[in-house]
1. Just name the residue that is modelled with the lowest pLDDT out of those in region 275-304 that are of a type in the set (Val, Ile, Thr) and either surrounded by fewer than 19 Cβ atoms within 10 Å (Cβ to Cβ) or outside the structural domain of Ser325 (by TED's automatic domain parsing) (or both).
2. Under 6 Å between Cβ atoms, at least 6 apart or on separate chains: pull out the pairs that start in region 246-269 with a residue that is touching a residue at least 40 places away in the same chain (Cβ under 8 Å) and end on any residue that is acidic (Asp, Glu) and surrounded by fewer than 20 Cβ atoms within 10 Å (Cβ to Cβ).
3. Counting just the residues of region 205-214 that are modelled with pLDDT under 90 and more than 16 Å from the chain's Cα centre (by Cα), which one comes out surrounded by the fewest Cβ atoms within 10 Å (Cβ to Cβ)?
4. With respect to Tyr326, is the statement that it is crowded, with 18+ Cβ neighbours inside 10 Å and more than 19 Å from Ile254 (Cα to Cα) true?
5. On the basis of being under 23 Å from His248 (Cβ atoms), modelled with pLDDT of 60 or more and among the aliphatic types (A, V, I, L, M), does Val333 make the cut?
6. Inspect all residues belonging to region 150-160 and state whether any of them is surrounded by 13 or more Cβ atoms within 10 Å (Cβ to Cβ), modelled with pLDDT of 90 or more and outside any strand (DSSP E or B).
7. Residues to consider are Val272, Val232, Val244, Val227; find the one that is within 21 Å of Val368 (Cα to Cα) and surrounded by 14 or more Cβ atoms within 10 Å (Cβ to Cβ).
Amino acid sequence: MTSMTMLSMRTIDWALSRFRFLRVVLVLSVVFGGLLRLSAPSLAQADEGLDHEYTYGQTARFTLTLPAGADISDLQFFIRIPRPSLSDTDIYSLAINEGLAVYERDLRLNPFPPFAKLTYWWTYSDTAGVAHQVGPKTFLYEDNRFAWQELREGAFTIRWVAGSSEQLVPALDIAREATDRIMSQLDSTDPGEVTFYVYPSMVDLQAALRLTGNEWVAGMALPEVGVILLAVPPTEAAAMQLQVDIPHELTHQILYRDLGDLGYAALPTWLVEGLAMVFEQRVQALRATLLEQAQQEGRLLPLADLCAPFYALDTEKLQLAYAESYSAVTYLVEVYGWSGVRELLKSYADGRECSAGIKHALGIDLPVFERQWRTWLEQDGRVIGGAQQFWAAVSLVLRDLAPWLMLAGLLILPGALAALGRRASKSELSV
């Protein structure tokens, strides 16, 4: 047999083997395809029959219209709600009334996260036992009490109610410039897509914030959903207020993107708010006055008390807490530099406790850091060393202990006087 004939035979054998292999694959595909069709649920077209409506902060209603005369069972409603928990999907088994399934929710008792994207769908089984799914459908749970206007540029969107677009156009430039500045100093990632909702008054904003338990704030970042809420009345001062509020809230957004849920939640509030105020690039006389008065009167709040959120503080202590936070972070930047700030932020990424994060990043405990900061305050914000620093620290300790030293003196004085009296009596008797 010639080499050419052998090559032809091999070619034929290879072709037959290839054909048999493809035939087996085709048969298996048909078989498995049939099995999958039998076992897989039948999905309805898009979101046919789905509907929802809500009044922000009040009620929500979800409905599914079923085919006429359909005999179904095991009807369930699913809704996925963004939240930091093990399960973000709620499931409800519901009844059917004349071809209509309804799920109603009282948002005053069981609220949705403000401005979150929610996804819902329905499942049921027919008389043949085949499972069906209708949906999913996603919508934005925003404040629908207002008709919002919108401007968009890149990753930033500004939505507002009152005022002209000319008043809000600068907000996009402010957001872009503030982002560049914050990212440069913190060596951060970008904040992602952010939507700013600009309310026309503080009253309107506080009504929207009521569900979050933060009615007292002038603005708020909801970093888990990429939303920032602001109260900026449509006046000539709007641009100046935006220059302050936007960098402040963007700081929160960027820190959240950098550290995630766990790290952001672990950050001391004085550190977060202090950084946000530093990036405002505004010197507020009221803060300096409050801080100076509290310092002179010995009313400074311990930084350990400012690690937790400020929600429980009354108005006077709240203002002082912000003033102290700004001052402590200003000291942190001046003495340890932005590299020290970055190390401190990273130390909380794993959820460290307030003082433990300071210890890990700076090598000192929180009380020591606080003592250094207060000594710096005593020197009018000047970094000093040597004997000056020592005597400034001693002076600070003595002033802090003065009330206790006076109390101790009052307690000890009667005993000391009595002892002196007895000693004097003994001296007279000995004479």
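1. Val283
2. Close Cβ pairs (under 6 Å, with a partner that is acidic (Asp, Glu) and surrounded by fewer than 20 Cβ atoms within 10 Å (Cβ to Cβ)) amount to Pro247/Glu280.
3. First, the residues of region 205-214 that are modelled with pLDDT under 90: 206-214.
Adding the requirement that they be more than 16 Å from the chain's Cα centre (by Cα) leaves 206-208, 210.
Values: Gln206: 16, Ala207: 16, Ala208: 22, Arg210: 14.
Filtering first and then ranking leaves Arg210.
4. On the way: crowded, with 18+ Cβ neighbours inside 10 Å: yes; more than 19 Å from Ile254 (Cα to Cα): no.
For Tyr326, the condition - crowded, with 18+ Cβ neighbours inside 10 Å and more than 19 Å from Ile254 (Cα to Cα) - is not met.
5. yes
6. yes
7. Val272 is the lone residue from the list that is within 21 Å of Val368 (Cα to Cα) and surrounded by 14 or more Cβ atoms within 10 Å (Cβ to Cβ).
Per-residue answers, yes or no, for (1) aromatic (Phe, Trp, Tyr); (2) touching a Ser or Thr at 6+ places or on another chain (Cβ under 7 Å); (3) not assigned by TED's automatic domain parsing to the domain that holds Ile72:
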position	(1), (2), (3)
Gly99	no, yes, no
Val102	no, yes, no
Arg108	no, no, no
Pro114	no, yes, no
Lys117	no, yes, no
Ala128	no, no, no
Pro136	no, yes, no
Arg152	no, no, yes
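The values are calculated or read from the model by the stated rules, or taken from the named source; none is laboratory data. Keep in mind that what you see is a predicted model, and the values were worked out from it rather than measured. All Cβ positions, even for glycine, are placed from backbone atoms using ideal geometry, and neighbour counts span all protein chains on display.
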